[in-house]
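Shown next, in structure tokens, is the structure this report addresses.
Taken together, the values in this text are just the output of simple stated rules run on the coordinates, not laboratory data. If you're wondering where the values come from, they're calculated on a predicted model, not measured in any experiment. Every residue, glycine among them, receives a Cβ derived from its backbone with ideal geometry; neighbour counts consider all protein chains shown.
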Amino acid sequence: MIEYGEKIREIAKKILEEKKVGLIIGFKKGTIPMMTEPVLIKDGQNLDQLYWDSFCNMNLANYLPKREEKIGIIAKGCDSRNIAVHIVENQIKREQLYIIGVPCKGMVDRRKINYFLADKEAREVTESDEDIIVKGEGFEHTLKKGDYLQDNCTKCMHRNPVIYDDIVGDLVEEREEPDPYDDVKDIEEMGSEEKWGFFSNLIKDCTRCYACRNACPLCYCPTCFVDESDPQWVGKSIDSTDTVTFHILRAYHCAGRCTDCGACQQACPMDINVRLLTRKLNKDALDLYNHEAGLSIEERPPLDTYKPDDYDEFIR
Amino acid sequence: MSDKIIKKEELQDFLKALKKAHEVFVPAKEKDFYRFNPLTDENKGDLNFTNTRLSPKSLLFPQSERIFEYTLDEESSDAHIVKESSKDYPSTVIIGIRPCDAKAMRLVDVNFNNPEFKDPWWVKHLESMTFIGLGCNEPCSTCFCTSVGCGPFNEEGLDVLLFDLGENFLARALTPKGEELLKQGGVDKDANSGLKKKADELKIEAENKISSHVPTDKLKEKKVDDLFNAPFWDDIAFACINCGTCTFLCPTCWCFDVQDEITKKQGDRIRNWDSCMFPLFTLHASGHNPRPEKVQRVRQRFMHKLKYYVDKYNNGVACVGCGRCVKSCPVNIDIREVFSLMNDL
């Protein structure tokens, strides 16, 4: 995917020069291996900073809400779906955006590579089409990208952007996933005691830093419920009741809106897979409403729509 | 100052001996990262680690700590009287703390333990602890301790410093508390001059391995207003998602919030870590927020560490170069770049 960088810079230059947009939101190369930094490019300055590789894992849709300018934005499949969610939820207007689509072959998970390296440090990481080459003090490994993808990418059914104005490469083949929710089913089958134990253990290391919430494009409320202080709804300590309340309520706020982009899991400094909560709700939205978030800019999320001909009597 | 030798195969005996009289914490791997956990029969510790994900500050300054309690039961003669929560401060030994984190304790001490103010909980925790540090033979590429008045074998804040010499640890006692502890642990074999020399060489070698350097020389002379109004803050802050990762992982971030929590008639006053990244951190009761935008909060974090602290305490920067925030920031905001921008403005 590294070759997309050149095409991204080329398109960005063109749309800035043609004044189609006033700024570009993309990624720049990180200061350490396997990291990238979201960057805002204005008026053609620093255009050469725009960069792409298999570690552009944050969701750039997160930087859109409430912006007024005309914006060029780089979007993988999941990012484009979150842009669609923003458009549906009136956080940004379609005509404000020039979406530079990136057909995505999956993002590589730096944690999985670090785990493989045990406590050794990757000093230089490069990539080819299929491989990641990791070099450090006295070692060099060539790893298959496919073996180190982020968990969400291994389940992704929408690798190509769903809306875009230009595209940086040929569309990639969408994956045929026989059962994208097998992991959720395993949890569904647990008894309630076991489930409680499972989730309590999942979040036991949470420090309430809110990186998961803040990396999420869906979390744009002006004041999050955990930050309400008058009255205060949730305690501030790391008491497990409050931590559980935060995670469960946050997940429910994402029901029918989450694209499983994985930004929450990637942002967590304590390696907590908070996606296990949101994925259950994604599965429910699919099972109950045949809805996957962000596939259209017309369809509202199932939990904020009302149809007079709803098949359930109680709601009519 | 005395240099003793601990054979690696005798390390567990040393730890066991210490455990008879103290609580002992050791680095242990859980999930994919290390943390300081109590020494037990199951957890023997693992000194082949780089550093812990979270800094060890939580051992002295827990993320949530009950400090006062009270009852709202009108029948009780103590109703509404706030009392300090009783707490044990058992003698505790921290094994394998890295020199950067030990220096960080000294730095936080400037805030919590000074002639003007004494934070009783911090002071009592600190007094109950003995720090046996482990020098860094292999610093990471994100370590920049030598630029900020620290180093891979820095002694500040430690009672004993361990040098990993392969088959042996050389244990350098730095305080009377450290001397006493080695004696208690049955460590009495003096290091010969050859091993002492090897330890000193190891230190220089490790310092030379630090590949990351930041400039600090001009921070003091800069005008606060010039830095405050510098043109680079918008660029630095753009990517920031305003989470608390940097502040919670940082060994020198000391800010806290105090909250009352009431269960039925029992009230607890709890001190919790807070973060200048959060909008709530500065929200006034009036509803006014002096730092409503993320750029102001990002600026505050760096100005506090690299300018306000420098000016107030004349003690260098409020950063020990551990690199945790560099490694764990989800959007790669790198304090080393901010050092350069601020210093070279």
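Can you pull the semi-axes for segment B:1-54, root of five times each eigenvalue of the Cα gyration tensor, sorted largest first, whole Å?
Numbers: eigenvalues 88, 40, 22 Å².
Those come to 21, 14, 11 Å.
When Cβ neighbours within 10 Å are restricted to other protein chains, what is their mean count per residue of peptide B:278-285? Present the calculation step by step, with values, prior to reporting the outcome.
Working: counts 6, 4, 8, 0, 0, 4, 0, 2.
Rounded to a whole number, the mean comes out at 3.
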Other protein chain Cβ atoms within 10 Å, averaged over every residue that makes up A:118-127: 3
Vicinal HN-Hα couplings computed from phi for segment A:175-187 (Karplus, 6.51 cos²θ - 1.76 cosθ + 1.60; Hz; Gly/Pro x): 6, 9, 9, x, 8, x, 10, 4, 5, 5, 4, 4, 6
A:Lys20-B:Val123 pseudo-label distance in nm [points 7 Å out on the Cα-to-Cβ vector]: 6.7
Histogram of C-alpha separations across the protein assembly as shown, 20 Å bin width, %: 17, 49, 30, 5, 0
Two-site label geometry, A:Lys66 and A:Trp233: point separation in nm, points 7 Å out along Cα→Cβ: 1.8
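How big is the dipole moment of segment A:217-260 about its Cα centre under a simple scheme where the beta carbon of each Lys and Arg is +1, that of each Asp and Glu is -1, and everything else is neutral? Debye, nearest 20, please.
Details: 3 positive and 6 negative charges, 32 e Å.
That gives segment A:217-260 a dipole magnitude of about 160 debye.
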Distant-in-sequence amide H partners of B:Ala191 (H built 1.01 Å from N, under 5 Å): B:Asp3, B:Lys4, B:Ile5
Under the Karplus curve 6.51 cos²θ - 1.76 cosθ + 1.60, θ = phi - 60°, whole-Hz ³J(HN,Hα) for segment B:286-298, x wherever Gly or Pro sits: 5, x, 6, 10, x, 10, x, 9, 5, 4, 5, 6, 5
Spatial separation of Cα centroids for segment B:132-167 and segment A:205-282, in angstrom: 37
Distant-in-sequence amide H partners of A:Val39 (H built 1.01 Å from N, under 5 Å): A:Gly26, A:Phe27, A:Lys28
Farthest toward positive dipole pole in chain A [+1 Lys/Arg, -1 Asp/Glu at C-beta], among A:Cys104, A:His291, A:Ile187: A:Cys104
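For chain A, divide the Cα radius of gyration by the Kirkwood radius and give the resulting Rg/Rh value with two decimals. Show your work: numbers first, answer last.
Working: Rg = 20.3 Å, Rh = 20.9 Å.
Reported Rg/Rh (Cα atoms, Kirkwood Rh): 0.97.
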Pair B:Asp226, B:Val258: separation of 7 Å Cα→Cβ label points (nm): 4.0
Kirkwood Rh (inverse of mean 1/r, distinct Cα pairs), segment A:258-316, angstrom: 13.4
Likely footprinting exposure, B:Ile67, B:Ile6, A:Ile73, fewest C-beta neighbours within 10 Å first: B:Ile67, B:Ile6, A:Ile73
Normalised convex hull volume, segment B:181-228, alpha-carbon set, Å³ per residue: 176
Between segment A:1-73 and segment B:238-294, the Cα center-to-center distance that results, in Å: 32
Low-density loop positions, trypsin sites (Lys or Arg not before Pro), segment B:1-102 - DSSP coil, at most 15 other Cβ in 10 Å: B:Lys20, B:Lys31, B:Lys44, B:Lys87
Segment B:224-343: radius of gyration over Cα atoms, expressed as a fraction of 2.2 N^0.38 Å: 1.17
Rg over Rh [alpha-carbon atoms, Kirkwood Rh] for segment A:178-316: 0.98
Long-range HN-HN contacts of A:Tyr98 with modeled amide H, under 5 Å: A:Ile71, A:Gly72, A:Ile73
Positive dipole terminus of the protein assembly as shown, leading residue within B:Met342, B:Pro279, A:Gln265 (C-beta point charges): B:Met342
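Using a 10 Å cut-off around each Cβ of peptide B:121-129, what is the average number of partner chain Cβ atoms that fall inside?
Working: counts 0, 0, 0, 0, 0, 0, 0, 0, 0.
Average per residue, whole number: 0.
Where both residues lie in the protein assembly as shown, what percent of DSSP beta bridges are antiparallel, nearest 5?
Details: 56 of 77 bridges.
Antiparallel bridges: around 75 percent, rounded to the nearest 5.
Subtracting the Cα-Cα distance from 0.36 nm times the residue separation, let me have the gained length for B:Leu47 to B:Lys183 in nm, one decimal. List each step's numbers first, then the result.
Details: separation 136, 0.36 × 136 = 48.96 nm, distance 2.11 nm.
The span from B:Leu47 to B:Lys183 would gain 46.8 nm if fully extended.
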Under the Karplus curve 6.51 cos²θ - 1.76 cosθ + 1.60, θ = phi - 60°, whole-Hz ³J(HN,Hα) for segment A:105-112, x wherever Gly or Pro sits: 9, x, 8, 8, 8, 4, 5, 5
Fewest-first ranking of B:His304, B:His288, using other Cβ atoms within 10 Å as the exposure measure: B:His288, B:His304
Pairwise Lys count, segment B:224-343 - Cα closer than 22 Å, eight or more residues apart or different chains: 4
